[in-house]
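K.L.:
Have a look at this one before I ask anything.
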Amino acid sequence: MNRFWNRMSGFGIIGAALILTAANAAAQQATFHLPFEAHWGMAVLQPGDYRLSAPENSLGRTEFYVRGQNMAAYALPLVAEEQPTSLRAYLVLVNVNGEYFVEQYSSGMAGKLFTFTIPKSARHESLAQRAGMMIPVKNTAVR
């Protein structure tokens, strides 16, 4: 009887691992092209093509991983808000004194808007002086 329960426990652990793997594989994934250099958190992204993945961590927060051109970056949003689902996904970048910063990511079909921190000097610029730009994002998988 003990052997039976040991096997059942083993199957439970394997099942839980498979569920976690499947959940991670189904995380939001997208691609985008930056036509210019931009800052995202502590990372500086050079012009080019990037892949974005956004799995939820064990605490329910979405973490962002950006990969491209021999680099990888990690960013945690300050705020995540629900929004109506849409076929459009995009990044909102702000130009402050000639430098671009990723300020928001609208996930489109996932129905979430993520806001990221930008440097204090950029936050204090008046809205009239901050020029924004949207970069389209192509969702490749959404859970």
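K.L.:
Using a basic spin-label model with each label point 7 Å from the Cα along Cα→Cβ, how many nm lie between residue 87 and residue 51?
P.N.:
Rounded to a tenth, the inter-label distance reads 2.6 nm.
K.L.:
If each of residue 120 and residue 97 carries a label point 7 Å out from its Cα toward its Cβ, how far apart are those two points in nm?
P.N.:
Computed distance between label sites residue 120 and residue 97 equals 1.4 nm.
K.L.:
Given all pairs of different Cα atoms, what value in angstroms does the Kirkwood hydrodynamic radius of segment 28-141 take?
P.N.:
14.3 Å
K.L.:
If you don't mind, another one. Using a Debye calculation, one point per C-alpha and no hydration shell, please list log10 I(q)/I(0) for segment 46-85 at q = 0.17, 0.25, 0.35 Å⁻¹ in order.
P.N.:
Rounded to two decimals, the profile gives -0.55, -0.90, -1.18.
K.L.:
While we're here: Place the peptides 79-87, 42-50 in order of packing, highest mean first, counting for every residue the other Cβ atoms within 10 Å and averaging per peptide.
P.N.:
42-50, 79-87
Read-outs: derived from the displayed coordinates by stated rules, not from any lab. Computed from a predicted structure; not experimentally measured. Please note: Cβ atoms are built from the backbone with ideal geometry, for glycine as well, and neighbour counts cover all protein chains shown.
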